[in-house]
1. Pick from 60, 41: which is loosely packed, with under 13 Cβ neighbours inside 10 Å, more than 32 Å from the chain's Cα centre (by Cα) and without any contact (Cβ under 8 Å) to a residue 60 or more places away in the chain?
2. Taking the stretch 58-91 as the region of interest, how many residues are small (Gly, Ala, Ser) and farther than 13 Å from residue 104 by Cβ?
3. Of the conditions (1) more than 27 Å from residue 6 (Cβ to Cβ); (2) under 24 Å from the mean Cα position of the chain (by Cα); (3) in a helix (DSSP H, G or I), residue 73 satisfies every one except a single condition; which number is it?
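Since every read-out is calculated from the coordinates, none of them should be taken as a lab result. Predicted model only: the values in this text are computed from it and were never measured. Quick reminder, even Gly has a Cβ in these numbers, built from the backbone with ideal geometry, and neighbours come from all protein chains shown.
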Amino acid sequence: MPPRRKLSDLDRGRAIGWLQDSVAARQVAQRLAVAPSVIIRLKQRFHATGRVQERQRYGRPRVTTQREDRFIQRQAMQQRMATADNIRQRLQATTNTVVGGQTIRNRLHNFGLRARRPVRGTTLTANHRAARRAWYTQHVRWQSQQWAQVLFTDESRFCLEPADGRIIVWRRRGERFAEGAVLERQRFGGGSVMVW
């Protein structure tokens with residue numbers, strides 16, 4: 001379903017003019033590329049109030065401006081492992097805007113960013129990458145008979161030290177392996193036991 005399109009004041013006036021000229025609401029909706037229910041609600045509002053402008057919205061006003069919202073997004077994208085509280089403190093230091101952590105999370109959610117656990121990956125040097133590429137090119141054309149000669153074993157590694165704590169990363173859907181969203185760890189940092 002395409003996103004709902006808002007009618008401008010000019011389009012609302014045109015719609016009311018067509019409706020007063022006995023054009024059907026469905027045809028007006030097709031001309032303006034909106035759902036018929038939008039035109040029907042506009043017609044009802046015009047008959048009730050005599051105006052085509054939207055009613056004033058009530059509720060709590062937004063604390064942040066669009067510029068501050070972009071600042072929040074940029075901070076999360078530049079430092080993906082920053083907490084909402086860290087971003088809130090930077091916003092306050094930069095713009096003197098006081099907001100809560102939940103407001104920061106709401107703004108990031110509006111931009112499609114969610115807090116997720118990062119993928120843990122080892123730091124690969126240029127030599128590691130070259131070795132992996134060489135192994136791949138050597139074995140890419142192997143047949144199943146050749147792979148049958150290879151013995152694969154089950155092994156499990158148990159870390160002797162606990163994790164440093166829960167770390168989250170701000171990322172969009174599909175950015176799981178993005179460069180800033182992977183938490184790089186030293187291999188065997190802290191010691192471990194292998195069990196076959």
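1. The conditions single out 41.
2. So in the stretch 58-91, the residues small (Gly, Ala, Ser) come out as 59, 76, 82, 84.
Now restrict to residues that are farther than 13 Å from residue 104 by Cβ: 59.
Looking only at that region, the number is 1.
3. Result: residue 73 passes all but (1).
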